[in-house]
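The values are calculated or read from the model by the stated rules, or taken from the named source; none is laboratory data. The structure presented is a predicted model; accordingly, all values stated were derived computationally and were not measured. Positions of Cβ are generated from backbone atoms using ideal geometry, with glycine treated the same way; all protein chains shown enter the neighbour counts.
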Amino acid sequence: MQTAELWGPNQLMGNRWPVGCIALEITQRCNLDCSVCYLSPRAETVGELAVENVLDRIDAVHRYFGPGTNVQITGGEPTVRNSQDLLKIVGRVSDLGMHPTLMTNGIRLNRPLLKALVRAGLADIAFHVDTTQQRNGYDTEKALNAVRRRYIAMASNLPVAVYFNTTVWTGNLHQIPEIVTFFNAHAHIVRIASFQLQADTGRGRMGKRHRAITQTAVIKQIAKGAGIPLNFDNLLVGNPRCSRTSICLIANGHVYDALDDRQLVGKIHAATPQIPWLRAHPLKTTAALLRWLAANPRFAGVVARWTASKLRAMKSDLIKSRGRLDVQSFLIHGFMDADDLDSERLATCAFKTMTDQGPVSMCLFNARRDVFFENYSVMSGGQTTTQRKRLYKTNTEGG
């Protein structure tokens, strides 16, 4: 991070956590066939890891990154696995003090199963819904809001943070403002809206993304939906060429930028790495911040001035909303094409995938899935530590 000149108080990776998230693929099977699918053409022929092997990988994640790590339980579609396996997997992640997130298209999920997963320790639920999935009867993102509403209702009143993932392609770039307006209207439940630029990584039929699909274009479309420009530069999530983030405050349906003061964001962020961001429990996070302020009065003045300016700007909306204020984040991910990997971006990757050889960049894993699957086949027949290290070095350094 220092070599890439990305280190500083506003950098999340290395300050608040060692990695943005670690993807844990528990199956290669899926009940959809997305037009920009990242899976390998061989995905359906790859054997499913036994639950004991998955638990071993979870233990390895903990050894690498420690408690507090965000573990994305994904696939394929993770809910095609046996529900008891899924409960064991979520429970192991939670028992080790890490944060389990279920990445799902929602088709096989129901409220009883979701409630059971929450009891097992599920912290976040991320629904992937967009027009690349070609769901029957839903031709536009606006039409898909009916699906999103159903999923929001499924998760309502449960102590779990709700995300939505949207793949951006030429067919829905112009529809992003409508999606953002929908998410803003449901900010009391939807904590994070993630937009992932189409990438040519697997068996998808679209190939490389159009030159119009860029982070800048998505930021402009988010601004249209939010009604104001939002700052995506004042809080870094690893390499900004890979990921950009903004945080907004929403009162009475109106959006306010929470990251407009770069210096203040850096100061507070650098001074509070010990305070966890509990997205499913924002009041607990707020209470922890207030206790920290009480114990660190030298920050009280600058925070009070910023808070007072925000309250003045939001006064009318806060009155109309009876004091209700919601916090919502936007994330933009620009994953790399399989044949266009950048070494600096791999080295500063905040989003990794866990393999039997260790954690690797998610983009690298997507680009070389078949190699990792072949290595797994070799390893299942027995392999020395030296062989494992050689395979890991080959896969991460371009061999």
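Is it the case that Arg241 is over 17 Å from Trp306 (Cβ atoms) and under 21 Å from the mean Cα position of the chain (by Cα)? Taking the combined requirement at face value, the residue satisfies it.
Report yes if Gly238 is of a type outside the set (A, V, I, L, M, F, W, C) and not in a loop (DSSP other than H, G, I, E, B), otherwise no. So Gly238 does not fit the description; no. Just one of the listed residues (Asp261, Asp233, Asp200) is of a type in the set (D, E, K, R) and touching a Gly at 6+ places or on another chain (Cβ under 6 Å), namely Asp200.
Output yes when any residue across the stretch 172-194 is touching a residue at least 12 places away in the same chain (Cβ under 8 Å), among the β-branched types (Val, Ile, Thr), outside any helix (DSSP H, G or I) and out of contact with any Lys or Arg (no Cβ under 9 Å at 6 or more places or on another chain), and no when none is. Checked against the condition, which is being touching a residue at least 12 places away in the same chain (Cβ under 8 Å), among the β-branched types (Val, Ile, Thr), outside any helix (DSSP H, G or I) and out of contact with any Lys or Arg (no Cβ under 9 Å at 6 or more places or on another chain), the stretch 172-194 yields at least one hit.
What about Gly47, is it under 14 Å from Phe372 (Cα atoms) and out of contact with any strand residue (DSSP E or B) (no Cβ under 6 Å at 6 or more places or on another chain)? Considered against the rule, which asks whether it is under 14 Å from Phe372 (Cα atoms) and out of contact with any strand residue (DSSP E or B) (no Cβ under 6 Å at 6 or more places or on another chain), Gly47 comes out as yes.
Before we move on, is Lys220 surrounded by fewer than 18 Cβ atoms within 10 Å (Cβ to Cβ) and closer than 17 Å to Ala185 by Cα? No, not satisfied. Is it fair to say Phe351 is of a type in the set (Phe, Trp, Tyr), closer than 19 Å to Gln72 by Cβ, in contact with a Gly (Cβ under 9 Å, 6 or more places away or on another chain) and not assigned by TED's automatic domain parsing to the domain that holds Asp56? Yes, satisfied. For the stretch 60-113, filtered to residues that are among the hydroxyl-bearing types (Ser, Thr, Tyr) and in contact with a Cys (Cβ under 9 Å, 6 or more places away or on another chain), the residue that is modelled with the lowest pLDDT is Thr69. Pairs linking a residue in the stretch 349-371 that is free of Cβ contacts under 8 Å to residues at least 40 places away in the same chain to a residue that is aliphatic (A, V, I, L, M), with Cβ atoms under 7 Å and 6 or more positions apart or on different chains, are Gln357/Leu391; Ser361/Leu346; Leu364/Leu341; Leu364/Leu346. Consider the stretch 53-64 and keep the residues that are in contact with a helix residue (DSSP H, G or I) (Cβ under 7 Å, 6 or more places away or on another chain) and buried (at least 20 other Cβ atoms within 10 Å of the Cβ). The one that is nearest to Gln133 (Cα to Cα) is Val54.
Quick grid of which residues meet (1) at pLDDT below 85; (2) within 23 Å of the chain's Cα centre (by Cα):
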| position | (1), (2) |
| --- | --- |
| His281 | yes, yes |
| Val327 | no, yes |
| Asp339 | no, no |
| Lys352 | no, yes |
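When you scan the stretch 271-285, do you find a residue that is more than 27 Å from Ala4 (Cα to Cα), small (Gly, Ala, Ser), outside the structural domain of Gln175 (by TED's automatic domain parsing) and crowded, with 16+ Cβ neighbours inside 10 Å, even just one? Yes; the residues of the stretch 271-285 include at least one that is more than 27 Å from Ala4 (Cα to Cα), small (Gly, Ala, Ser), outside the structural domain of Gln175 (by TED's automatic domain parsing) and crowded, with 16+ Cβ neighbours inside 10 Å. Of all residues in the stretch 28-52, exactly one satisfies the criterion of being modelled with pLDDT of 90 or more, exposed (fewer than 14 other Cβ atoms within 10 Å of the Cβ) and not in a loop (DSSP other than H, G, I, E, B), namely Glu52.
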